[in-house]
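The values are calculated or read from the model by the stated rules, or taken from the named source; none is laboratory data. Note that the structure is predicted; figures quoted are calculated from it, not measured. Counting neighbours? That spans all protein chains shown, and the Cβs are built from the backbone with ideal geometry, glycine included.
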Amino acid sequence: MSDAAAPAAAADATGEAHKEDPEIVARWYQLEALERAMSGNTVAFLDTGAGKTLIAGLLLRSYAHRVRKPARDFAVFLVPTRVLVEQQARVIEAHTDLRVSKFTGDMGVDFWDAAIWRRVVDDAEVLVMTPQILLDNLRHSFFSLQDIALLIFDECHRAKGNSPYACILKNSTTL
């Protein structure tokens, strides 16, 4: 892969990304990680600030044709905290034109039934949530991993022991 960079979304001083700004470019290593992720399961092991979120945004763009409604499939972006749900949802909205919905425990999602989740999934193209919420949905069979066209684990180093990340991976045979 060459050292050439590709246009991507830019972030201003407030951290808000802008699709129109051609000044920000994806680095060669980000493009290489993107290429690998497009061809199969991939762990992007990069330092903080190295642009993993940009890679995720570009990957979501590449999967847009699989999740754009009226498609039944959707993408899930897992992040470990409520604050990161908000942050990553904003970044995805800025980097893509996909419909993003965010879910945290303080929304009362623990009390939602299959019908509510089906309406949510039918409306959104990218679901940003904590891993516990996805795990609960899978355990209740509100939806399955086969419904998920793309599953992104932010901070995947947390997938150990009996963490929700680890349980999702241990209980899946389709990844």
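Figures for the structure shown
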item: Scope segment 152-161; condition among the hydrophobic types (A, V, I, L, M, F, W, C) and either over 21 Å from residue 104 (Cβ atoms) or touching a residue at least 24 places away in the same chain (Cβ under 8 Å) (or both); matching residues; result: 152, 153, 156
item: Failed criterion for residue 143 (all others in (1) modelled with pLDDT under 90; (2) over 25 Å from residue 38 (Cα atoms) hold); result: (2)
item: Flag if residue 126 is under 24 Å from residue 63 (Cβ atoms) and at pLDDT 95 or above; result: yes
item: Test: residue in segment 50-66 that is modelled with pLDDT of 85 or more, crowded, with 16+ Cβ neighbours inside 10 Å, in contact with a Gly (Cβ under 9 Å, 6 or more places away or on another chain) and not aromatic (Phe, Trp, Tyr); result: no
item: Qualifying position, being modelled with pLDDT under 50 and assigned to a loop (DSSP other than H, G, I, E, B), among 3, 47; result: 3
item: Identity of the residue in segment 107-121, closer than 15 Å to residue 74 by Cα and more than 17 Å from the chain's Cα centre (by Cα), that ends up surrounded by the fewest Cβ atoms within 10 Å (Cβ to Cβ); result: 119
item: Hits in segment 36-49 (condition: touching a residue at least 12 places away in the same chain (Cβ under 8 Å) and either more than 15 Å from residue 150 (Cα to Cα) or under 11 Å from the mean Cα position of the chain (by Cα) (or both)); result: 46
item: Top-ranked residue of segment 50-91 - restricted to ones that are under 13 Å from residue 30 (Cβ atoms) and not in a helix (DSSP H, G or I), ranked as nearest to the chain's Cα centre (by Cα); result: 51
item: Residue tally, condition among the hydrophobic types (A, V, I, L, M, F, W, C) and in contact (Cβ under 8 Å) with a residue 40 or more places away in the chain, over segment 73-117; result: 10
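One line per residue, one yes/no per condition, for (1) on the phi > 0 side of the Ramachandran plot; (2) touching a residue at least 24 places away in the same chain (Cβ under 8 Å); (3) buried (at least 18 other Cβ atoms within 10 Å of the Cβ):
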{"residue": "126", "(1), (2), (3)": "no, yes, yes"}
{"residue": "131", "(1), (2), (3)": "no, yes, yes"}
{"residue": "143", "(1), (2), (3)": "no, yes, yes"}
{"residue": "150", "(1), (2), (3)": "no, yes, yes"}
{"residue": "163", "(1), (2), (3)": "no, yes, no"}
{"residue": "166", "(1), (2), (3)": "no, no, no"}
{"residue": "170", "(1), (2), (3)": "no, no, no"}
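Per-residue answers, yes or no, for (1) free of Cβ contacts under 8 Å to residues at least 40 places away in the same chain; (2) under 23 Å from residue 43 (Cβ atoms):
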| position | (1), (2) |
| --- | --- |
| 64 | no, yes |
| 70 | yes, no |
| 122 | no, no |
| 136 | yes, no |
